[in-house]
Structures are given as structure tokens and as C-alpha cells.
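I have placed the structure first, in the form of C-alpha cells, so that the comments after it can refer back to it.
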Amino acid sequence: MSDDSPFVVEMKKITKKFPGLTANDNVDFHLRKGEIHALLGENGAGKSTLMNILAGLYEPNSGEIYVKGQQVRFRSPRDAIKAGIGMIHQHFMLVPTQTVTENILLGLDEPKFIMNLSKYDEIIRQLGIENNLIVDPTAYIWQLSVGEQQRVEILKMLYRGCDILITDEPTAVLAPQEIDVLFNTLRSMTEKGKSIIFISHKLNEILEIADRVTVLRRGKVTAADMPIEGVTKEELASLMVGREVIFNIDKSACHAGEPVLIVENVYAENDKGLPALKGVSLQVCAGEIVGIAGVAGNGQRELAEVIAGLRKIQSGSIRSKDLDLTKVPIKKAIEEGIAYIPEDRHHVGTAPNLSVVDNLIMKNYDQCPISKGIGMDEGAARAYAESLKDEYDIIVPSIDTPVRLLSGGNLQRVILARELSNMKSLLIAVQPTRGLDVGAIEGIQRMLLKQRESGGGVLLISEELEELVSLSDRIYVMYEGQIMGEVHDGDIRKIGLMMTGTRLEDIPEEKTEVTEGEKA
């Protein structure tokens, strides 16, 4: 891709307003033929709104869109696809019980009545080979890995003739090796003239894959069409959030104490009654952060829920010091100082329609000084909430504001304030920084390290591998409800292989080339 390549997309002065919110404010965006153009911004910056306009899901209030030199007005995704624009969503739109070919043909006008599957299988097989998207057309979706399912989504768009692809957080559910494959595929596609818009909050990935980047903050462009060469992660973060962000986490040496969590040979089922945990054993000690790595859906959520007392186990044991967590009420675990940051902050972590005050006192409303006989001391409750608001830097108009009106970062801070202020020995943190901007992530990661340094044990379950490696003292890797192994050195290669089903003991050591001098 060269700087004089023609524009295939020009979005000029795009404005999109919702009640009480301007999501895009006179935004310009350009995409050249044969390039990967990254779109970066914190939560609520307007990235998704802008791309939903380009994909035909929204219509702008004002502004113009040109595709390959022609002005267009999309009223539906079908219009965008006809113009050669396809969007690959983060959550795949596939039917598990149908084959790859059937999913790709779904919704098309052809074939109409009689489907010669073997004919279309071969067409799709060749399309995959041409675009480095190898997948068995006859396989059912449920038989495919997450990375293979993503290839099917891309093939769907290519089969429809799309040569402009919008990828929304495409690496969110992939293991490191699968990310490498995806990046090779995207590069191969641009070499053949395709153009890619890459939406991601992972700065390292943008620096690796993008040719140029456009940054949005609060609906406005802070950097337009910026060449990626020479740009640093720190510069991108500053453009995103409007201030300096520190990435180097200062972590003291680990001095692990006594175990505060022991999980032994635990079996449990998921919501469908299918095996989710198959003999899981692990432990967390005081003064350490223990990470759980794995592609989404491999038992991490169920593991957190059985430890927190929200899901029954079939067999095995879970202990925190002298407390058997499988036999005591949740209230008892709370009194013992076990804190839990759930994955779903909106429906499990908070009561959305209740105020900041009510959400902050949920764990100690019946304790002094908030409890007052059979009633509650409202003044004490408000004073307690105000102190936590200040301590945890919760930005909110009033402590009486319903938490459903808070941003993702501030909502997470409400949960952290409530949980950490009552924590004594153990914190279970599930995806604590998911969906947050780099500024909010920095603050939350420092809170987790503070718990470690004060002698607490932290079980950190995250799909952000970079976060796990930088914060954790040890990492267990889960695959299909089992522990594949335990890594102490943050070896990304080993973690990635275990995330795709290889046990640690079966991973060969990496061979290093021996120089002539070393041979001598």
C-alpha cells in the first residue's frame, strides 16, 4: 500500500446523534485500497457507531459517504454489501448445526430451490485456498475451533463479493497462535487488493498489523490517517484518553504465604447440564496473583462461580483457609472477607436501578456503623459511600445516581470499591478490565497489585493474555474444563499451545540455532 493509493472509502463530516448524546461529531475517515487502517478509541468514543454507519446499520444525521469514488447512502447492511462492504462482528453470526457451506449460503438469493452442496463445497474450498482461509466446507460449525469459525465469517463476506472488510475486535476470542494466523491472512488479503478496517483496543496489535490509524475521543477525531511507522504505544494511548498512560507496571518480587484458596479435583456442569469443569485443581496463596488463561468458553466462568458459591459442584472440594466454600452460605463467605468481581458487571455485579450508595453498601448494610438496630443509619451509609467514591476515584454526578447511568470504567470502580473494602484474604476477579479504555485499565490493574502487596491472594481470570503475563506470578491454562498446565515464566508460546489443547508436558522445548563459534 502506498500513500498515493486511491481511496475506496471516504467518510466526510459524519455526525450521528442519539437522545442526549453526540456519538460522532463531524468525523472524517478515509480508507485506501490495499491497506489495513486501524480505528482506535476508548469506550464511548464513537468507533462502533461510525462503522455501523458504514456497514448500513445506522444512517448519519449529516455528512457524506463515498465508496470507490461514488457517493452512497446505505439504508441497510444489504446495501453496504452490494457496495462491497462487509462487517465481521466480534460475536459470530453462525448457525452451529449447519455446515460451513450452508452458513455461507444462508440468506442469499441463489441457489433458490435445489442446492447442489458438493458444487458449492468446492467453490468455497477454492475461495478459502485463494485467501489463506483454510476450513473444511463440509464441517458443522459446532465442530470448528473459534479461529476456524472466524474464517467462516470472513469467507461469508468474500463470497458475497466484499473487498472492504470491517473487523470488530477480531482477536478478542483467539489464542496467540490463532492471532498470528489471522494477521497473516489479513496481510495476504491486502496484497490482493482488499482493504481492511481493524477495530481494536489492543495497542500492540494495532502497531503490528496496521498501516495507518485514526483515533477517536468523545466522538471527535484526535488523529486522522496517521501512518503507524514510528508511532509508540504511549502516543496512541495519550491520543485515546487525553493524558499520559503508564504501561510499565512496577511489581515487587512475590513472597507467597499460606494458601488462601485450595481447589481439589472439582467437577461441575454448565447451564446446559454439560460438563464444564473436569477435575480442576489449583491453589492461590497469600501475597500472589494467580492467573487463569484460556479461550472464552473453556470453563473459566464456571470455575469463578463455583468458588464464589454461585454454582454447585458435583464432586471435589473448595477451601479457603478453614472454610469449606461448598458447604457454607454465601453470606458466611462474605463475612470471611472473600471478594468477587463477576464477569457481568451489569446484571450480577450491580443492581442497575439502585443508586451508587445502595450498591456500595450491599455487603455491609447490616453492620456498624451503617446498621442501626432494625433500621439503617442513612447518614452513615452516605458518609461511607462518599469516602469510597473519593478513595476509588468514582466519577459520578451524585452518589444518588443509578449505577446504570455510569460509564463502564466507573461502574467497575463501584464494584471494586465495594469488594476490596470488604476483602480480607481472597479476591476472585473475572475479566476486571474487559471493555475498558487504557486509562481505566491502568487504574484497576494497580488496585489488583495493591491487594497482592498487602498480603491478599488474587485469582485473576482474563482473556487478555498481556494482562495476565504482566500481573500474574503464576498462570494456569484451561482447555475444555481441564487444567493443561501451570506456567511460572509467562512463556507466551507455551500458554498459546495449551490454550489450544496441548498439555504442558507434551510441549517440546524450543530449539535454538547453534552458531559456528558455539560448535567450536
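The values are calculated or read from the model by the stated rules, or taken from the named source; none is laboratory data. A quick note: this is a predicted structure, and the numbers were derived from the prediction, not measured. Quick reminder, even Gly has a Cβ in these numbers, built from the backbone with ideal geometry, and neighbours come from all protein chains shown.
Evaluated against (1) closer than 28 Å to LYS47 by Cβ; (2) surrounded by fewer than 21 Cβ atoms within 10 Å (Cβ to Cβ); (3) in contact with a helix residue (DSSP H, G or I) (Cβ under 9 Å, 6 or more places away or on another chain); (4) at pLDDT 90 or above, VAL181 falls short on exactly one condition, (4).
With respect to the conditions (1) of a type outside the set (A, V, I, L, M); (2) crowded, with 16+ Cβ neighbours inside 10 Å; (3) touching a residue at least 60 places away in the same chain (Cβ under 8 Å), ASP136 falls short on a single one, namely (3). Count of region 386-403 residues, restricted to those that are in contact (Cβ under 8 Å) with a residue 24 or more places away in the chain and within 23 Å of GLU442 (Cα to Cα), is 8. For region 98-128, enumerate the residues that are assigned to a loop (DSSP other than H, G, I, E, B) and exposed (fewer than 15 other Cβ atoms within 10 Å of the Cβ). Of everything in region 98-128, those that are assigned to a loop (DSSP other than H, G, I, E, B) and exposed (fewer than 15 other Cβ atoms within 10 Å of the Cβ) turn out to be LEU106, GLY107, LEU108, ASP109, GLU110, PRO111, LYS112, PHE113, ILE114, MET115, ASN116. Looking across region 380-423, the residues that are buried (at least 18 other Cβ atoms within 10 Å of the Cβ), outside any loop (DSSP other than H, G, I, E, B) and either modelled with pLDDT under 85 or acidic (Asp, Glu) (or both) come down to GLY408, GLY409, ASN410, GLU419.
Within region 364-379, if we keep just the residues that are within 18 Å of LEU420 (Cβ to Cβ) and surrounded by fewer than 16 Cβ atoms within 10 Å (Cβ to Cβ), the residue that is nearest to the chain's Cα centre (by Cα) turns out to be TYR365. For the structure I just gave you, tell me whether LEU94 is assigned to a loop (DSSP other than H, G, I, E, B) and either in contact (Cβ under 8 Å) with a residue 60 or more places away in the chain or within 25 Å of the chain's Cα centre (by Cα) (or both). The answer is yes for LEU94. Every condition in (1) β-branched (Val, Ile, Thr); (2) assigned to a strand (DSSP E or B); (3) at pLDDT below 95 holds for THR49 except the one numbered (2). The conditions are (1) out of contact with any strand residue (DSSP E or B) (no Cβ under 8 Å at 6 or more places or on another chain); (2) of a type outside the set (Phe, Trp, Tyr); (3) under 23 Å from ILE330 (Cα atoms), and GLU378 fails exactly one of them. Which is it? The one condition GLU378 does not meet is (3).
Restricted to region 321-339, and to residues there that are touching a strand residue (DSSP E or B) at 6+ places or on another chain (Cβ under 8 Å), within 19 Å of LEU277 (Cα to Cα) and not aliphatic (A, V, I, L, M), the residue that is surrounded by the fewest Cβ atoms within 10 Å (Cβ to Cβ) is ASP324. Scanning region 16-64 for residues that are acidic (Asp, Glu) and farther than 24 Å from LEU405 by Cβ yields a total of 4.
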